[in-house]
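Undergrad: This is the structure I want to talk about, given as C-alpha cells.
The values are calculated or read from the model by the stated rules, or taken from the named source; none is laboratory data. None of these values were measured; they are calculated from a predicted model. Here Cβ is always computed from backbone atoms with ideal geometry, including for glycine, and neighbour counts include all displayed protein chains.
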Amino acid sequence: MLDVLDIPESPTALAAWLDAALMKPGLRSLVDELTVFNGAPDESLQAEHARRWLGDDAEQVLRKGFAALAPSKVRELLSRPSLLPAVQELVLVDGGPYWQKLRQHPGATTSSPSGTKRRYLLIFAPIAVAASVSTAMLLDALATRRIDDSGHANRNVQMRGDGPATTRPAEATPWVLSRRGILDDSQNPAEVSGRLADAIQEWRAVTDPLGDDFDALRTRLGELWAGCEQLRTNNLQKLPPASREAIIAAVAQLQACVQKQLEELSREEPAATKRQTTATVKRAIDDFVREAVTTLRQAQ
Amino acid sequence: MTASRAVAPRSMSLPAGDGSLESLYHGHCHELNLWLGARVPPSNVEDASQAVWERIISSYDTHFDGANFRAWMFRIARNYLIDMNRRRRTLAAFDEDSFTPSAPGNTDPVDILIDEEYRERLAACIQGLGYPRKAIVQARIAGDGYKACAAALKITVQQARQHFFKAKKLLETCMHSHCARTT
C-alpha cells in the first residue's frame, strides 16, 4: 500500500529503486508519501530544474541512472521528492538506452491494477521477486488480465492494448506465476521452504539467457535483492518461529551476497572489462543461489 | 480499463502510416501516461491523457516545429494541467467552503478532498507510531540505514529492524482502516 516503506537500505539498491520508480506508473503516490514522511516542500519543478540540480552529473545520469550520483545526492531526492517528476521528464526526453530499457521492461506499463488485483499482487510479489521476476511485470500481468480469476497466467498475449501485437521475449515470460501459493497461509515449513527453493532455483533459467548483458543482470540482481528483503520482512508469519528463523537466515545470507555483487556491478569501469565483470558476478550469484537452495532443501 | 489500454482519443481522425499522428500516438502515449502519472492521481491519468492528445491533434499542424515531439508533448500536457488548475481555482472562488487543492490536473473536488485526506491521514498515522518507531521510519525514509538508526537511538540493529517492521505493519493497518471507512 505504501510504496515508500519498501525503500532499500543500501545506496546502490536505493539508486536502482528510484530509477525503477521513475519509469513505473503512479510516481505521484511515491512523491506524495515522501513529501509527507520527510516534511518536504511542495514544489512544481520541470526538466530544466532537474538538469540544473544534476549539474555536471546530468549526462551520466541520463546514461546510467542514479547510480552515477554520489549517495548523498541520491538521498537529497528523498528529502526533495518534487525533483523526481522533474528528473523523470528529463529522462523521458533525453534519457539513453538504459532508461529506454527500464521503460520497455514488460512491467513498465502505465496501468494500475484494481484492489482485487492488488491483493493478488500481495500474494505473488514476494514469490516473484524471490525468484528474480520483477513485481512490476506481475503488476502488468495483473492489470492486463493476463492472470485469470483463478490466478493462472495466460501466456503470449499482447503487451500493450493499442500497440502492435507483441509477445513477451522468452526470458521475460512470467514463469514464476505457476508457483502460486508459495507463501500463502501454509503453516508447513517443509512445504514453504521446498517451494521457495524451487522458486529461487529458477534464477538460472531467468538469467542464463541474458548472456553478458551488464544492465539486465544488474536489474535482475536488484529484483532478487528486493525479493529477499520482502521475504525477510513481510512473510512467513504463520510458520513456527524456529523454521521461520532458519528460512529467513538462508534468505538473509543470500541477500547479503547479492548486495555485495550489486556493489561490484556499480563500480565505475571501462566497457571492455564489463563483460568479464558480468560473467564473474553471474558465476558468484549462481553459487550463492545453489547454496541457498541446498540450505532450504535441507530445512525441508 | 487501464491507461495503457486507452483507446485512441475520441476526436482522432488520423492518416495511417509512419510519421502520422497515429504512429506518434502509439510511440509516445506510454511516456505521456508516465509523465501524467507523476502529476495527477491515478484515476485521472486516462482522462488527462485523452484531453492532452486532443490538444496535440488540434495544434500539431500549426504549432509543432518538427524538432522534439516528446518535449513539445510535455509542454502541451503542462499547459493542460495549468489550465485545469486555473479552472479549479476559479470554481473554488465561487465556493465559500473552498480549500487549497494539492492535486494538479485534478478537477473533481471529491478527488481533491480524498487526496488531501490521504495526506492528512498518512501524517496522522505516522504521528500515531510513537517513539522510537516514528523516528526509525523517518530516518529510514530519509535514506539512513539500520546501523545509523540504531546508533542514533542507542539500540541494537536488530531492534531497529524490528521497530521498523512493526511500524510498517501499523502504518498499513492504519491506512487500510481509513480506506475501508472512506470507500
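Undergrad: Please tell me if A:Asp32 is more than 7 Å from chain B (Cβ to nearest Cβ) and not basic (Lys, Arg). Let's see the steps before the verdict.
TA: Values: more than 7 Å from chain B (Cβ to nearest Cβ): no; not basic (Lys, Arg): yes.
Criteria not met by A:Asp32.
Undergrad: Just for segment B:45-68: of the residues that are at the interface with chain A (Cβ under 10 Å from one of its Cβ atoms) and assigned to a helix (DSSP H, G or I), which one is surrounded by the most Cβ atoms within 10 Å (Cβ to Cβ)?
TA: Of segment B:45-68, the ones at the interface with chain A (Cβ under 10 Å from one of its Cβ atoms) are B:45-46, B:49, B:68.
Then drop every residue that is not assigned to a helix (DSSP H, G or I), which leaves B:45-46, B:49.
Values: B:Val45: 29, B:Glu46: 21, B:Ser49: 24.
Applying the filter and picking the extreme gives B:Val45.
Undergrad: Quick test of your reading of the structure: A:Pro41 fulfils all but one of (1) surrounded by fewer than 16 Cβ atoms within 10 Å (Cβ to Cβ); (2) closer than 26 Å to B:Ala139 by Cα; (3) facing chain B (nearest Cβ under 9 Å). Name the failing condition by number.
TA: (3)
Undergrad: Restricting attention to helices (runs of 4 or more DSSP H) lying wholly within segment A:13-85, give those where 2 or more residues are farther than 22 Å from B:Glu172 by Cα.
TA: Numbers: elements: A:27-38, A:47-54, A:58-64, A:71-79.
Helices (runs of 4 or more DSSP H) meeting the threshold: A:47-54, A:58-64, A:71-79.
Undergrad: Looking at this structure, is A:Val61 within 12 Å of another protein chain (Cβ to nearest Cβ) and modelled with pLDDT of 95 or more?
TA: Working: within 12 Å of another protein chain (Cβ to nearest Cβ): no; modelled with pLDDT of 95 or more: yes.
No, not satisfied.
Undergrad: Could you tell me whether segment A:1-20 includes any residue that is over 28 Å from A:Leu224 (Cα atoms) and either within 11 Å of chain B (Cβ to nearest Cβ) or of a type outside the set (Gly, Ala, Ser) (or both)?
TA: Kept after step one, since they are over 28 Å from A:Leu224 (Cα atoms), are these residues of segment A:1-20: none.
No, that holds for no residue.
Undergrad: When the residues of segment B:134-183 are filtered to those that are modelled with pLDDT of 90 or more and not in a helix (DSSP H, G or I), which remaining residue is surrounded by the most Cβ atoms within 10 Å (Cβ to Cβ)?
TA: B:Gly143
Undergrad: A further question on this structure: Scan segment A:86-101 residue by residue and report those that are small (Gly, Ala, Ser) and in a helix (DSSP H, G or I). Even if it seems obvious, please write down each step before you answer.
TA: Let us first name the residues in segment A:86-101 that are small (Gly, Ala, Ser), namely A:86, A:95-96.
Result: A:Ala86, single match.
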